[in-house]
Amino acid sequence: MKKLFISLLAMFTITAAQAQRKTDTFLTQSGKTVTITCIKHASLEINFDGTEIQVDPVTDAVKPMTNYYDFPKANIILITHQHKDHFDREAIAALRSSMTIIYEPQSVYNLWTNGLAINNGDSVNVTDDIQLKAVPAYNTTAGREQFHPKGRDNGYILTLDGLRIYIAGDTEDIPEMAELGPIDVAFLPCNQPYTMTPEQLVKAAKTIRPKVLFPYHYSDTPIGKVSLLLGGSGIDVRIRDYK
């Protein structure tokens, strides 16, 4: 009886956690729906007109633990790099079906020889209305280049029926951001020494000029500062639980 109670409590806890996940909905140029669900840290779920896309899914390397068996099987999984808060074989196994396509940088592919390697500058037409481009993500601050060396890791521009989503990965405010083109939705990281300071993120946001900005991967950074610094910029800053 006690085990049954604990099991039911666990089920309720999972359901409550799922209910608390914040979702944001966008419409594409032809009126299709894109729903983005905040999971945690650098992990997010994107559903595009029924196509399930998971970005950097992680079970327990980042708290709270996420049970990816509770999610639909993914059509597409994007991995930005090999650090444990971005690349988790257990999470991928839970989400993967025989039809799942996994895109990852060569450095991740070299670790487990699964998925498809895509590197900085590469583009792929996944379907007629889904395009993916891998873009640079790296550190520039002196003494921190070793965390994310240039050319190893990926950011991604995911285009869904014309809606352009920039998932920056672990990066600082690099010059290549000026060449991304128009961005509708941007995910920019904010936690030094590994990614950006709030001031760097603000500089990056003003360079990219996304319509909507989600600061993410921010750990204990006082992320509200980004909203204050971008006040009056015309950028819709949305703070979600990407700690």
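The values are calculated or read from the model by the stated rules, or taken from the named source; none is laboratory data. Please read these numbers as outputs of a predicted model, since none were measured by experiment. A quick note on method: Cβ atoms are made from the backbone with ideal geometry, for glycine too, and the neighbour counts reach across all protein chains shown. Accessible surface areas use protein heavy atoms only, side chains included; no ligands, DNA or RNA. Shrake-Rupley method; radii C 1.70, N 1.55, O 1.52, S 1.80 Å.
Brief remarks follow.
A quick yes/no check of all residues on (1) closer than 21 Å to Ile76 by Cβ; (2) in contact with a Gly (Cβ under 8 Å, 6 or more places away or on another chain):
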{"residue": "Arg164", "(1), (2)": "yes, yes"}
{"residue": "Ile167", "(1), (2)": "yes, yes"}
{"residue": "Asp170", "(1), (2)": "yes, no"}
{"residue": "Asp173", "(1), (2)": "no, no"}
{"residue": "Met177", "(1), (2)": "no, no"}
{"residue": "Gly181", "(1), (2)": "no, no"}
{"residue": "Asp184", "(1), (2)": "yes, no"}
{"residue": "Phe187", "(1), (2)": "yes, no"}
{"residue": "Asn191", "(1), (2)": "no, no"}
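- Residue match in region 151-159 (condition: of a type in the set (Lys, Arg), in contact with a helix residue (DSSP H, G or I) (Cβ under 6 Å, 6 or more places away or on another chain) and either within 27 Å of Thr23 (Cβ to Cβ) or part of a loop (DSSP other than H, G, I, E, B) (or both)): yes
- Set side by side, the residues Lys84, Lys73 differ, and just one is in contact (Cβ under 8 Å) with a residue 12 or more places away in the chain, in a loop (DSSP other than H, G, I, E, B), basic (Lys, Arg) and in contact with a Leu (Cβ under 7 Å, 6 or more places away or on another chain), which is Lys73.
- Subset tally (residues that are open to solvent by 60 Å² or more (accessible area, probe 1.4 Å), acidic (Asp, Glu) and either in contact with a His (Cβ under 9 Å, 6 or more places away or on another chain) or at pLDDT 95 or above (or both)) for region 125-157: 1
- Ile39 passes every criterion in (1) of a type in the set (Val, Ile, Thr); (2) more than 29 Å from Pro175 (Cβ to Cβ); (3) more than 14 Å from the chain's Cα centre (by Cα) apart from (3).
- Scanning region 184-221 for residues that are within 19 Å of Ile46 (Cβ to Cβ), among the β-branched types (Val, Ile, Thr) and crowded, with 20+ Cβ neighbours inside 10 Å turns up Val185, Ile208.
- Test: residue in region 208-229 that is hydrophobic (A, V, I, L, M, F, W, C), assigned to a loop (DSSP other than H, G, I, E, B) and either modelled with pLDDT under 95 or out of contact with any Leu (no Cβ under 7 Å at 6 or more places or on another chain) (or both): yes
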